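Student: Here it is: the structure, laid out below.
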């Protein structure tokens with residue numbers, strides 16, 4: 001898993017970590033590496049177990065808090081986009097993760113329309129924009145975040 005993570009093969013590292021987590025459920029370094037792999041692979045829902053398990057050291061608790069914030073922001077953003085839940089009155093901690101950036105920008109919008117894509121300008125880079133929209137599916141709708149640099153899509157994130 002470590003070698004896959006080092007090679008930026010986050011999806012594969014997350015899958016390997018998931019298969020071996022029962023053998024390493026007391027190893028907080030292993031669980032943290034698994035969780036960061038899943039986070040970088042956009043497998044946000046796989047953070048549940050690490051959030052619960054990371055509790056025995058200060059670093060582990062810090063990691064669990066970090067993962068909790070991102071998972072909560074994803075769930076609230078989904079709730080708002082799908083159900084029209086208003087987020088403007090909340091003030092939550094934030095992180096440097098793409099979901100946190102989008103959550104913060106989206107929370108500042110006064111009026112929401114789930115049928116209209118949102119375009120947000122990055123606060124630190126004038127060439128970087130984010131497009132947020134809901135992809136409606138027969139089953140579960142998905143949150144789509146496109147990172148657009150100089151008018152070209154450089155990365156697409158999909159969450160449900």
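Student: Give the residue, chosen from 41, 64, that is over 19 Å from residue 93 (Cα atoms), at pLDDT 95 or above, under 15 Å from the mean Cα position of the chain (by Cα) and not assigned by TED's automatic domain parsing to the domain that holds residue 103.
Tutor: Exactly one of 41, 64 is over 19 Å from residue 93 (Cα atoms), at pLDDT 95 or above, under 15 Å from the mean Cα position of the chain (by Cα) and not assigned by TED's automatic domain parsing to the domain that holds residue 103, namely 41.
Student: Hey, among 21, 31, which residue is at pLDDT below 95 and part of a helix (DSSP H, G or I)?
Tutor: Checking each option against the conditions leaves just 21.
Student: Please state which of the following conditions residue 92 fails to meet, knowing it meets all the rest: (1) under 30 Å from residue 29 (Cβ atoms); (2) surrounded by 16 or more Cβ atoms within 10 Å (Cβ to Cβ); (3) at pLDDT below 90.
Tutor: (2)
Student: Looking at (1) crowded, with 19+ Cβ neighbours inside 10 Å; (2) assigned by TED's automatic domain parsing to the domain that holds residue 140; (3) at pLDDT below 95, which is the one condition that is false for residue 102?
Tutor: (3)
Student: Here is a further query. Of everything in segment 141-154, what is without any contact (Cβ under 8 Å) to a residue 40 or more places away in the chain and either within 23 Å of residue 45 (Cβ to Cβ) or touching a helix residue (DSSP H, G or I) at 6+ places or on another chain (Cβ under 7 Å) (or both)? Give them in sequence order.
Tutor: Correct list: 142, 144, 146.
The values are calculated or read from the model by the stated rules, or taken from the named source; none is laboratory data. Since this is a predicted model, take the numbers as computed values, not measurements. Positions of Cβ are backbone-derived with ideal geometry, glycine not excepted, and every protein chain shown enters the neighbour counts.
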